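Only one structure is covered here, and it is reproduced in the block below.
Read-outs throughout are calculated quantities, based only on the coordinates presented, and are distinct from any laboratory measurement. Everything numeric in this text was worked out from a predicted model, so none of it was measured.
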Amino acid sequence: MMPNKLEEVINDINKNNDEKITCIIADCYMGWVLRVARKMGIRLALFCPSSAAVLAVSMSLQKLMDDRVINCRSEIGGLNK
């Protein structure tokens, strides 16, 4: 539903205003915006609203698994044996 509505809003704005939408800035968790931007030929900038802590954990997942702190079954080291 959202991709269709976004495309509709962009078309309405671009049709009825002198200033056109030429770039979309979107939350990186809204992946569907990428498809709309590509389809419409509009540039896209994604940003990540998560904290630095979330980024650090995301960047460290492989090391945490390698060190057996966590595993792919979401068990925390030694707690769910």
- request: For the chain, calculate the relative contact order in percent as a whole number, restricting contacts to Cα pairs under 8 Å that are 6 or more residues apart.
  value: 20 percent
query: When the chain is modelled as a GNM with alpha-carbon springs shorter than 10 Å, which of Arg43, Arg35, Arg68 fluctuates the most?
result: Arg68
field: Under the Debye formula (equal points on every Cα, no solvent term), log10 I(q)/I(0) of region 2-49 at q = 0.21, 0.29, 0.31, 0.32 Å⁻¹
entry: -0.69, -1.14, -1.23, -1.26
- prompt: With the chain treated as a Gaussian network of Cα nodes joined by springs under 10 Å, which of Lys20, Lys39, Lys63 yields the largest mean-square fluctuation?
  reply: Lys63
message: Normalised radius of gyration for the chain, please: alpha carbon Rg relative to 2.2 N^0.38 Å, two decimal places.
response: 1.70
- request: For the chain, compute the number of Lys pairs whose alpha carbons are separated by less than 25 Å, excluding pairs fewer than 8 positions apart on the same chain.
  value: 6
message: Helix check for the chain. Which DSSP H runs span at least 18 Å along their own axis by Cα, with a mean Kyte-Doolittle hydropathy no less than 0.0?
response: 52-66
